[in-house]
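A short reminder: the numbers here are calculations on the coordinates, not readings from a lab. Note that the structure is predicted; figures quoted are calculated from it, not measured. All Cβ positions, even for glycine, are placed from backbone atoms using ideal geometry, and neighbour counts span all protein chains on display.
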Amino acid sequence: MKRIPQFLLAAPTSGSGKTTVCRLLMSALTKRGLHVQPFKCGPDYIDTKFHAVACGRPSLNLDTFMASTCCVEAIYTHYAQRADVCIVEGMMGMYDGYDRDKGSSAEIASILDIPVILVVDAKSAAYSIAPLLKGFMEFRPNIKIAGVIFNKVNSAQHYNMLCQVTEELELPCFGYIQKCKDIELSSRYLGLNFTKIKEKDMSYFLEYVQVDQLLESVMRDVPKDNDSYLANIPPRGWNICVAKNEESFSFLYQEHVDMMEKWGHITYFNPEEDFTIPRNTDLLYLPGGYPEKHLDDFSEYTMHEIYQYGEHGGRIWAECGGMMYLCKEIRTHEGSRRMVGLFNHVISAEDEHRKLSLGYRKLQLPNGLKLRGHEFHYTQFVGQRPQTIAEVRNARNEIVDSPFFKYKNVTASYTHLYWNYGKNIHKDW
């Protein structure tokens, strides 16, 4: 059986630097010539883009709210087959989930039976780190804490004090990263310019990390691919057009790409360029992104093509940014811009209307279909709102005022649905 390093990189709290350390490790190992397979806990679209740049291959999301445990296992085992190293980046604090530790990084580590490397922010602590680490080591006996990397360490002397802690606890320490603003990612905001995501050579920041020792300590057998990944999706022979742009239409799960490739042939197009929709198109998919940042760049010809396709019964699925693109108008503090116009609604990104809508979503349609997804946006409807055709609830089962609506064969929502390998997409979409 194949045996490779596999681990989940987690942290006690958000802001500890796990994304930075994860990028550094992924980039350094890829530069060694290893095939590093990245994964991300939760529904995050942004960290996966950093992973893809660092590793040169797509990053997969692992989420136990939007998908079943079996589905998470199947994704991981399928992609692990072609890897030399598997690195899973956690989310938030290690035990932070949608309901206590449900859906947390710790739960993912338990499901996959892989060890955890803790990234600990040590900038203002020394021996006080001891009870923190001991608590993580003992809180859940089924979670294996394989070691720790200290981040934001001030000096070699500071690191020696931290090593006294790990020696006392008999917890492996794989080194440290010095405090340096050059490698810290600023707090992210829904407006990040993905065209600026370029991987600089920052491997020298791993100078004080024992990478080989870390890899040796997390060697595990690669689980056998159970062939369940996408196995329940019958080929449809569809011709699918997918909007794709580095920023305007960029929130696309790799799992959905895999699924559409099973359905048939995919044609990608950039809405900022003229595109004629082929007559034999069976599905037009408009994923999320930041169309409000590129209002003057969209092709009038392509918007007209999409309008005509939808008006004449074409099947369209649009989510978040894609849904905004199909509305009548998008307003920003710089002015307003007419969009495709299939929906007679106005979206505002103006400061007075900005409001964070964030969280998991459960949707119940009148026909009994149950869907799950995630919502994250600041823009809002102004004036007349669409009438929802589904009951939408959050992870706490509370009603959420987030419309899920339809016009002819065009279905749209602010929610990024997780398609769940054929179980979430209605046959009529």
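Over all pairs of distinct alpha carbons, what does the Kirkwood formula give as the hydrodynamic radius of the stretch 313-420, in Å?
Numbers: mean 1/r = 0.0704 Å⁻¹.
One decimal place: 14.2 Å for the Kirkwood radius.
Can you give me the relative contact order of the stretch 238-417 as a percent, contacts being Cα pairs under 8 Å and 6 or more apart? Spell out each step's value before the answer.
Details: 405 pairs, mean separation 33.2, N = 180.
About 18 percent, as a whole number.
For the chain, what does the helix formula give at 222 nm: sum of -39500 (n - 2.57) over DSSP H segments with n ≥ 4, over the residue count, nearest 500 deg cm²/dmol? Could you put the intermediate results ahead of the total?
Values: 10 runs with 104 residues, N = 429.
Using -39500 (n - 2.57) per qualifying helix, the result is -7000 deg cm²/dmol.
Which value, in debye to the nearest 20, gives the size of the charge dipole of the chain about its Cα centre, when Lys and Arg are +1 and Asp and Glu are -1 at the Cβ?
Working: 48 positive and 52 negative charges, 112 e Å.
That gives a dipole near 540 debye.
Take peptides 85-91, 19-25, 336-342 and line them up by average Cβ neighbours within 10 Å, highest first, as a rough protection proxy.
Working: 85-91: 25.7, 19-25: 23.1, 336-342: 19.1.
Peptide ranking by packing, descending: 85-91, 19-25, 336-342.
Please compute, for the alpha-carbon atoms of the chain, the extent along each of the three principal axes and give them in descending order in Å.
Taking the Cα atoms of the chain, the three principal extents are 70, 48, 42 Å.
How long is the gain from I399 to E261 if the chain were fully straight, where each residue apart is worth 0.36 nm and the alpha carbon distance is subtracted? List each step's numbers first, then the result.
Details: separation 138, 0.36 × 138 = 49.68 nm, distance 3.47 nm.
Using 0.36 nm per residue and subtracting the Cα-Cα distance, I get 46.2 nm.
With charges only on Cβ, +1 for K and R and -1 for D and E, what is the dipole size of the stretch 3-221 about its Cα centre, in debye, rounded to 20? The partial results should precede the final answer.
Details: 23 positive and 24 negative charges, 135 e Å.
Around 640 debye, computed over the stretch 3-221.
Across the stretch 232-247, in residue order, what do the Karplus-derived ³J(HN,Hα) couplings come to in whole Hz, using 6.51 cos²θ - 1.76 cosθ + 1.60 with θ = phi - 60° and x for Gly and Pro?
Working through the residues one at a time gives 8, 9, x, x, 10, x, 7, 10, 10, 9, 10, 6, 8, 8, 4, 10 Hz.
Report, in listed order, any pair from K40/K408; K40/K144; K262/K406; K31/K102 with a Cα-Cα distance greater than 28 Å.
K40/K408; K31/K102
With no solvent and one equal point scatterer placed on each C-alpha of the stretch 3-221, evaluate the Debye formula and give log10 I(q)/I(0) for q = 0.08, 0.16 Å⁻¹, two decimals.
Log-scaled intensity ratios, in q order: -0.25, -1.11.
Tell me, what is the percent relative contact order of the chain, built from C-alpha pairs under 8 Å that lie six or more residues apart?
Relative contact order of the chain: 13 percent.
Positive end of the dipole of the chain, charges at C-beta (+1 Lys, Arg; -1 Asp, Glu), about the Cα centre: which of F405, M260, M303 has its Cα farthest in that direction?
F405
Show me the ranking of peptides 402-413, 361-372 by mean Cβ neighbours inside 10 Å, starting with the highest. Provide the component values of the computation, followed by the final result.
On the way: 402-413: 20.2, 361-372: 15.6.
In descending order of packing, they fall as 402-413, 361-372.
Only bridges with both residues in the chain count here: give the DSSP antiparallel percent, nearest 5. Numbers along the way, then the final one.
Values: 31 of 76 bridges.
So the antiparallel bridges amount to about 40 percent of the total.
Would you be so kind as to identify which of I4, P141, P172 lies farthest towards the positive end of the dipole of the stretch 3-221, taking Lys and Arg as +1 and Asp and Glu as -1 on Cβ and the Cα centre as origin?
Result: I4, furthest along the dipole toward the positive end.
Do you know the relative contact order of the stretch 212-332, to the nearest whole percent, from alpha carbon pairs under 8 angstrom that are 6+ apart? Can you show the working numbers first?
Numbers: 174 pairs, mean separation 32.6, N = 121.
Relative contact order for the stretch 212-332 comes out at 27 percent.
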